[in-house]
Amino acid sequence: MTQNQLRLGVNIDHVATVRNARGGAYPDPVRAAKLAKEAGADGITAHLREDRRHITDADIDGLMEALSVPLNFEMAATEEMQKIALRHKPHAVCIVPEKREERTTEGGLEVAREENRLAHYIAPLRAAGCRVSIFIAADRKQIEAAHRIGAEVIELHTGAYCDFHAEGKVAERDRELEALREMSAYAHSLGLEVHAGHGLTYETVQPVAAFPEVKELNIGHFLIGEAIFRGLTPAVQEMRRLMDEARG
Ligand code: PXP
């Protein structure tokens, strides 16, 4: 991988969503992860939710065993998840806010309000060798707090930018994009590695992929949906192509 290349993390949660709609064993998220890797993913992301609505503990076991690319393990900052992460020691742990009633991760983590607790929470994960990433809004206060607690990585929430795009609210979309641009540069200037993700599609990926400070995009729901129409391999390949094109 060249210095300029942007990493693509493919989130396979929604392969498990389809499987769980019926129970049973297929479609298998581990098989999807292997295919995504072959199609150009640099890593795989999976979110083990408290309610196990998609990814299960057995999926994490399977991914840890089978993957030849890094696993980015998304989780809420709970004691249960910390234990699981410490048992597996994945390449990266991404701490996300989690509410039982939400359909997806709606906002970024409130790091500033929980600084002390989170600093203690991530310390053993870092000591175990996991890269700790914090999923936050493009907000200076949250970035500074993530830096102070000792996170190495922040992932900026692109959901609002993508929602405004989908709703045709161009001015709001562009304002969000500008905030993402500014905050990527700011976080990078503090020495944080910058990732971004949530809601990205072929239409929205390129402006974010063009930010030079962004090192990784994590993309799931759209790709798994697109896989229904064109297959997972071409779906991932097209995202990879768009990212590389945006990066020049
Ligand atoms: N990054 C984080 C931290 C997430 O929580 C999610 C959703 O699980 C994603 C990226 C991927 O979002 P999407 O599935 O909308 O592409």
The condition of being among the small types (Gly, Ala, Ser) and touching a strand residue (DSSP E or B) at 6+ places or on another chain (Cβ under 9 Å) holds, among Ala127, Ala145, only for Ala145
Residue under evaluation Ala85, criteria (1) surrounded by 14 or more Cβ atoms within 10 Å (Cβ to Cβ); (2) within 24 Å of Thr233 (Cβ to Cβ), criterion not met: (2)
Counting only residues in the range 43-82 that are part of a loop (DSSP other than H, G, I, E, B) and of a type in the set (Ser, Thr, Tyr), the one surrounded by the fewest Cβ atoms within 10 Å (Cβ to Cβ) is identified as Ser68
Please determine whether any residue of the range 103-115 is closer than 24 Å to Asp28 by Cβ, aliphatic (A, V, I, L, M) and over 17 Å from the mean Cα position of the chain (by Cα). no
What is the number of the single condition among (1) part of a loop (DSSP other than H, G, I, E, B); (2) within 20 Å of the chain's Cα centre (by Cα) that Gln142 does not meet? (1)
Determine, yes or no, whether Tyr161 is among the aromatic types (Phe, Trp, Tyr), at pLDDT 95 or above, more than 15 Å from the ligand (Cβ to nearest atom) and assigned to a helix (DSSP H, G or I). no
What pairs come up if the first residue lies in the range 104-124 and is within 15 Å of the ligand (Cβ to nearest atom), the second is assigned to a helix (DSSP H, G or I), and their beta carbons are under 7 Å apart, counting only those six or more places apart or on different chains? Gly108/Gln142; Val111/Leu118; Val111/Gln142; Val111/Ala145; Val111/Ala146
Looking at (1) closer than 18 Å to Phe135 by Cβ; (2) within 10 Å of the ligand (Cβ to nearest atom); (3) not in a helix (DSSP H, G or I), find the lone condition where Phe222 falls short. (3)
Quick check on my filter: what residues within the range 127-142 are within 16 Å of the ligand (Cβ to nearest atom) and of a type in the set (Gly, Ala, Ser)? Ser133, Ala137, Ala138
Exception for Leu156 within (1) without any contact (Cβ under 8 Å) to a residue 40 or more places away in the chain; (2) within 26 Å of Ala41 (Cβ to Cβ); (3) within 15 Å of the ligand (Cβ to nearest atom); (4) within 19 Å of the chain's Cα centre (by Cα) falls at (1)
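The values are calculated or read from the model by the stated rules, or taken from the named source; none is laboratory data. If you're wondering where the values come from, they're calculated on a predicted model, not measured in any experiment. Methodologically, a virtual Cβ is constructed for each residue, glycine included, from the backbone with ideal geometry; neighbour enumeration extends over all protein chains shown.
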